[in-house]
Amino acid sequence: MRLKKNDTVKVISGKDKGKTGRILSTDAKNSRVLVQGVNMVKKTVKKKNPQDKGGFVEVEAPISVANVAYVTKDGKTTRIGYKFDEKGNKVRFAKKTGETL
């Protein structure tokens, strides 16, 4: 998976198309990411103690990595590739602009 935690991404398909957010976590095995403020679902929460409030809470649900695109600093979406820099380290780069990430 080329996307990492704290990358800014834009949703390119689905009910939240057009929204942008930061990746909170990734699941490489299932090819899913958790994006802040995207794919919100209601979840029931039980009271843990008498002072606690139970009820419905809105939380983010995972979204497929194929439905998001990386957003560069100038706000445009791009795909991510890998290349080796001068020191021989493997680095990610934006395919549209060529800048290293």
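Only the coordinates and a few stated rules stand behind these numbers; no lab work does. Because the structure is a prediction, the values reported are computed rather than measured. Note: ideal-geometry Cβ built from the backbone for every residue, glycine included; neighbour counts use all protein chains shown.
Odds and ends about this structure:
- Spatial separation of Cα centroids for the stretch 14-36 and the stretch 48-85, in angstrom: 3 Å
- Options Leu34, Val91, Gly54, ranked by Cα towards positive dipole end of the stretch 34-100, top entry (Cβ charges): Gly54
- Using Cβ point charges alone (K and R +1, D and E -1), the dipole size of the chain about the Cα centre works out to roughly 180 debye.
- Taking the chain and dividing mean pair separation by its residue count, relative contact order in percent (alpha carbons under 8 Å, at least six apart): 22 percent
- By the Kirkwood approach, averaging reciprocal distances over each pair of separate Cα atoms, the chain gets a hydrodynamic radius of 15.3 Å.
- Chymotrypsin sites (Phe, Trp or Tyr not before Pro) restricted to DSSP loop in the stretch 15-101 with at most 12 other C-beta within 10 Å: none
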